[in-house]
1. Show log10 I(q)/I(0) for region 63-140 at q = 0.25, 0.27 Å⁻¹, two decimals, from a solvent-free Debye sum over equal Cα scatterers.
2. So, R0 is 56 Å and r is the distance between the beta-carbons of Met107 and Thr44; what FRET efficiency does that work out to, to 0.05?
3. Out of residues 5 or more away from Leu221 or on other chains, whose amide H comes under 5 Å of its own, with H placed 1.01 Å from N in the peptide plane?
4. Go through region 109-160 and name the GluC sites (Glu not before Pro) that are in a DSSP coil and have 10 or fewer other Cβ atoms within 10 Å of their Cβ.
5. Can you give me the long-range amide H partners of Cys251? Hydrogens built in the peptide plane at 1.01 Å from N, cutoff under 5 Å, separation of 5 or more residues or another chain.
6. Quick one: which residues, 5+ away or cross-chain, put their amide H under 5 Å from the amide H of Val94? H built at 1.01 Å from N.
7. Tell me, what is the FRET efficiency for Ala180 and Arg134 to the nearest 0.05, using R0 = 30 angstrom and their Cβ-Cβ distance as r?
8. Give, in nm to one decimal, the length gained when the segment between Val207 and Thr75 is fully stretched (0.36 nm per residue of separation minus the Cα-Cα distance).
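All of the numbers you see were taken from the coordinates with simple rules; none came from a lab. The shown structure was predicted, so the numbers you read here are calculated from the model rather than taken from an experiment. With ideal geometry, Cβ positions are generated from the backbone for all residues, glycine too; neighbour counts draw on all protein chains shown.
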Amino acid sequence: MLRRMWFEWLVFMRQPVLPRHTHRRPWLRRVTMWRLFTVSLVLTGGWIYMQLLVRYGSISPAATAFFTTPYDGRTFDDLPPTSPPWRPPFRVVVSLTTTPGRLDKVMDSVRSLTKQSLVPDQIYVNVPEGAMKRHPERSYDDTAVPGELEAMAPLVVVNRCVDDGPATKLLGALRLEHNASTLIITLDDDFEYPSQLVASLAWEAIVKPDDVLGVCGWGMLPMWHAVGVVPAYVPYFMRPRGRYVDILQACCGNAYRRGFFHDVDALADIPSVCVTVDDVWIAGYLRTVEQRRSALVSKRLDPTDPPWKKEEARSAELQLTLSSYNHEHQVHYKCVQALEEKFHKRWPRNFEEE
């Protein structure tokens, strides 16, 4: 008995110095269904956001602030005088092109240009001759030029020219205009344009003669996805005086001085991957070769769809658009790479500017 008591006493005395061991639950027991659901929700949400970002680009103010830069142009309420009718001290021409399938539909766009508050000195409708560059099985000669279009001469000139793809809208005018101060405004053939568009771009060009000007465009947001870059769009509240971007979109209207282009042949030598993304090719050429920056103006001058285009949008057979093709094949980034390889120069991005 004494021996047992002595043993218990020894055990009691040793307890303060013995290591304490707590029972640790395996990590699997800590993973609850709620935590699994939360992690799954976060991962799924991130994947969905990534797909939307890759497909449609970003309208996040944070992305806009980082991948575009401020511009000190005119404010949205700084308008040209209305009385007496104002004209700029330089020639202003408007230029667009079309395809055989749209030649009979181009009048909606042209009519909106003849009704501008500042009527252009010339409107060029560039209609190539012969087979299409992108679809040789189709020919421009198979569709007659609308009589109404030809009757608009001399204001409207139907320029039969070579087919440079969508870039014909700019190259056609560059080959006809030679004064460095001339302002060339390029547009698309499937929109109706607001009556203040030409005046607003010309008014801006007076105070910003060295920049390319436009109404809509985007900064290049780098992506680790195969698409390479996605658009960082600029909401109107973030361009009180305009905004520098990497790429301007001709669908809304772009304005170039003729003097910005010193080598038209180099501009016309378009890599095959860039033919369908002429906006990227032209912006990259100007920034890389001519050192010209592109800027959005502050004014809201969005074009509208004509009735025939709204009907086409309802057709399932016409859902595969050029923009969807370019996205699916990562054409924008491939064009950026092709341009840098061709000119052996890197395209400086907006967010890299000091």
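1. For the requested q values the scattering log ratios are -1.17, -1.28.
2. Numbers: r = 48 Å, r/R0 = 0.86.
E(calc), rounded to 0.05, equals 0.70.
3. Those qualifying (amide H under 5 Å, at least 5 residues apart or on another chain) are Val230, Ala232.
4. On the way: sites: Glu129, Glu137, Glu148, Glu150; in loops: Glu129, Glu137.
Answer in residue order: Glu137.
5. none
6. Gln122, Ile123, Tyr124, Ile185
7. Working: r = 32 Å, r/R0 = 1.05.
Rounded to the nearest 0.05, the efficiency is 0.45.
8. Details: separation 132, 0.36 × 132 = 47.52 nm, distance 1.19 nm.
Between Val207 and Thr75, full extension yields an extra 46.3 nm.
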